[in-house]
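In what follows, a structure is listed as structure tokens, so that the remarks can point back to it.
The values are calculated or read from the model by the stated rules, or taken from the named source; none is laboratory data. Fair warning: this is a prediction, and the values are worked out from it, not measured in the lab. Heads up, the Cβs are rebuilt from the backbone with ideal geometry, glycines too, and the neighbour counts pull from every protein chain shown. Accessible surface is based on the protein model in full, side chains and every heavy atom, while ligands, DNA and RNA are left aside. Shrake-Rupley method; radii C 1.70, N 1.55, O 1.52, S 1.80 Å.
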Amino acid sequence: QVQLVESGGGLVQPGGSLRLSCAASGRIFGIYAMGWYRQAPGNQRELVAIITSGSSTNYGEFVKGRLTISRDNTKNTVDLQMNSLKPEETAVYYCNTVSKTDRYGTWDTYWGQGTQVTVSS
């Protein structure tokens, strides 16, 4: 199994910045991708940003250059720098990974417990 632990959520004023971090641990043979999703009350979970082991990135359409995802393959960590945050971005942010636990296993998806981000004055 792979465990994901998120940190860095909290309360921030509109226009402010926040940095989320996530560390993967456990039985990890390989990690294909790590990323972030978010879910606001009453909404579906949506992609924020994802980065592959080869450093290819994909961002949600709303990002518009305000968010940057980065990854440390040696430490199995992924960070999300969020700038110019808006109140409508208040949500629970979930760390996600697509990983293998052994050489002959399948690529499986794992989720963290989520960290609350609240954008409010």
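For this structure, a couple of remarks:
- Restricted to the stretch 1-29, and to residues there that are among the polar types (S, T, N, Q) and not in a loop (DSSP other than H, G, I, E, B), the residue that is least open to solvent (accessible area, probe 1.4 Å) is Ser21.
- If you check Arg38, Arg71 for being surrounded by 15 or more Cβ atoms within 10 Å (Cβ to Cβ) and touching a helix residue (DSSP H, G or I) at 6+ places or on another chain (Cβ under 8 Å), only one passes: Arg38.
- Being surrounded by 12 or more Cβ atoms within 10 Å (Cβ to Cβ) and at pLDDT 95 or above holds for only one residue in Ser99, Ser84, Ser120, and it is Ser84.
- Only one of the listed residues (Gly65, Gly60, Gly54) is farther than 14 Å from Thr97 by Cβ, open to solvent by less than 50 Å² (accessible area, probe 1.4 Å) and without any contact (Cβ under 8 Å) to a residue 24 or more places away in the chain. That residue is Gly60.
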